[in-house]
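The block underneath contains the structure these notes are about, expressed in structure tokens.
The values are calculated or read from the model by the stated rules, or taken from the named source; none is laboratory data. Only a predicted model underlies this, so the values are computations on that prediction, with no experimental measurement involved. Here the Cβ positions follow ideal geometry from the backbone for every residue, glycine too, while neighbour counts run over all protein chains shown. Only protein heavy atoms, including side chains, enter the accessible area calculation; ligands, DNA and RNA are left aside. Shrake-Rupley method; radii C 1.70, N 1.55, O 1.52, S 1.80 Å.
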Amino acid sequence: MSTQPHALRWSPVCTLDDIAPNTGICALVNDRHVAVFHVTGETGQLFAIDNYDPNAQASVLSRGLIGSLGERIVVASPIYKHHFDLQSGECLEAPENSVNAYAVRVEDRVVHVAL
């Protein structure tokens, strides 16, 4: 049994220009559906969470609407409108159905996600 922490594996998913501002895209990363969002504003940020909505049992979160609830940046699932925090993956209405959040970075305008 290894005691070393799991190293992040970065995978390129698209260029930054492939994601329209304030929308998301779905990418298949290591056989996992990942929703990547480009949120514009004062700082502009990228987020990645699982694309699979456990409430709707469908891979749809990349198609949701981005907004804010208080200080949180969220996406509303297009089926049942549950809100998912884009930084943590927490489902605000049903925390037991939260999703994973992943690190994102941009190198030479290519978006990379770490699983």
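Checking the conditions here, which among 74, 13, 60, 29 is touching an Asp or Glu at 6+ places or on another chain (Cβ under 8 Å), at pLDDT 95 or above and either open to solvent by less than 20 Å² (accessible area, probe 1.4 Å) or within 17 Å of residue 104 (Cα to Cα) (or both)?
74
Which condition does residue 51 not pass, out of (1) more than 17 Å from residue 103 (Cα to Cα); (2) modelled with pLDDT of 95 or more, if it passes all the others?
All conditions pass for residue 51, except number (1).
Collect the residues in the stretch 94-115 that are assigned to a strand (DSSP E or B) and of a type in the set (Ser, Thr, Tyr), keeping them in residue-number order.
102 - this is the single residue of the stretch 94-115 that is assigned to a strand (DSSP E or B) and of a type in the set (Ser, Thr, Tyr).
What are the pairs with Cβ atoms under 9 angstrom where one residue, in the stretch 75-98, is on the phi > 0 side of the Ramachandran plot and the other, located anywhere, is of a type in the set (D, E, K, R) and open to solvent by less than 50 Å² (accessible area, probe 1.4 Å)? Sequence gap at least six, or different chains.
Cβ pairs passing all conditions: 89/50.
If residue 3 satisfies all but one of (1) under 17 Å from residue 89 (Cα atoms); (2) open to solvent by 90 Å² or more (accessible area, probe 1.4 Å); (3) modelled with pLDDT under 95, what's the number of the condition it fails?
(1)
Need the failing condition index for residue 86 against (1) farther than 13 Å from residue 111 by Cβ; (2) out of contact with any Phe, Trp or Tyr (no Cβ under 8 Å at 6 or more places or on another chain), just the number.
Single failed check for residue 86: (2).
Does residue 48 fit the bill of being closer than 20 Å to residue 14 by Cα, open to solvent by less than 50 Å² (accessible area, probe 1.4 Å) and among the hydrophobic types (A, V, I, L, M, F, W, C)?
yes
Among the candidates 48, 27, 35, 7, single out the residue that is part of a loop (DSSP other than H, G, I, E, B) and aliphatic (A, V, I, L, M).
7
In the stretch 77-93, which residue that is closer than 13 Å to residue 60 by Cα and part of a loop (DSSP other than H, G, I, E, B) is least open to solvent (accessible area, probe 1.4 Å)?
Here the residue is 77.
So if I check each of 106, 111, which one is open to solvent by less than 50 Å² (accessible area, probe 1.4 Å) and in contact with a Leu (Cβ under 8 Å, 6 or more places away or on another chain)?
Of the residues listed, the single one that is open to solvent by less than 50 Å² (accessible area, probe 1.4 Å) and in contact with a Leu (Cβ under 8 Å, 6 or more places away or on another chain) is 111.
Mind listing just one residue for me: the one in the stretch 94-103 that is within 20 Å of residue 29 (Cα to Cα) and of a type in the set (S, T, N, Q) and, of those, least open to solvent (accessible area, probe 1.4 Å)?
Per the stated criteria, the residue is 98.
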